[in-house]
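K.L.:
I have a structure here, written as structure tokens, and I will follow up with some questions on it.
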Amino acid sequence: VQLQASGGGLVQAGGSLKLSCAASGSTFISYTMAWYRQAPGNSRESVAEISVDGRPTYAGSVKGRFTISGDSAKGALVLQMNSLKPEDTAVYYCRFRKPYVYGMDYWGKGTQVTVSS
């Protein structure tokens with residue numbers, strides 16, 4: 001299984017970026033899909049997630065600015081990020097996980113997002 005995240009880059013505060021994650025090597029039916037991020041010196045934190053039944057949830061710090069969407073059966077995940085702030089600067093990781101099944105938990109390598117003030 002491979003997860004490839006892309007779409008990161010350098011953007012000014014207030015700008016937008018769209019991250020994509022492509023998963024391959026398996027079928028991903030009944031998986032949750034999520035984006036995490038890790039800033040220098042900080043632990044990895046959840047940004048947004050889509051549940052098995054398709055419901056999105058967001059961290060409070062990004063609610064109203066970020067939108068997660070995707071299709072687990074197709075191995076496709078997207079994070080639309082608007083109104084970016086310098087504190088959104090981090091490496092962003094995608095994750096596909098099958099709940100309650102040991103070992104079916106996959107991470108992408110990450111893509112850098114840098115927001116300048």
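The values are calculated or read from the model by the stated rules, or taken from the named source; none is laboratory data. A quick note: this is a predicted structure, and the numbers were derived from the prediction, not measured. Every residue, glycine as well, gets a Cβ built from its backbone with ideal geometry; the counts of neighbours run over all protein chains shown. Heads up: the accessible areas ignore ligands, DNA and RNA and are worked out on the full protein's heavy atoms, side chains in. Shrake-Rupley method; radii C 1.70, N 1.55, O 1.52, S 1.80 Å.
K.L.:
So what is the accessible area of the chain per residue, in Å², with the probe set to 1.4 Å?
P.N.:
On the way: 6280 Å² over 117 residues.
Averaged over the residues of the chain, the accessible area is 54 Å².
K.L.:
What does the net charge come to around residue 93 if you take all other residues with beta carbon closer than 11 Å to its beta carbon, with K and R at +1 and D and E at -1? Numbers along the way, then the final one.
P.N.:
Numbers: positive: 37, 44, 95, 109; negative: 45.
Taking every Cβ under 11 Å from that of residue 93, the sum is +3.
K.L.:
How much of the DSSP beta bridge set in the chain is antiparallel, as a percent to the nearest 5?
P.N.:
On the way: 38 of 42 bridges.
Restricted to the chain, the bridges split so that about 90 percent are antiparallel.
K.L.:
Can you return the lysines within cross-link range of residue 85? Criterion is Cα-Cα under 24 Å, with same-chain partners fewer than 8 residues away left out.
P.N.:
Of all the lysines, those that pass the test against residue 85 - Cα under 24 Å, at least 8 places apart if same chain - are 18, 63, 109.
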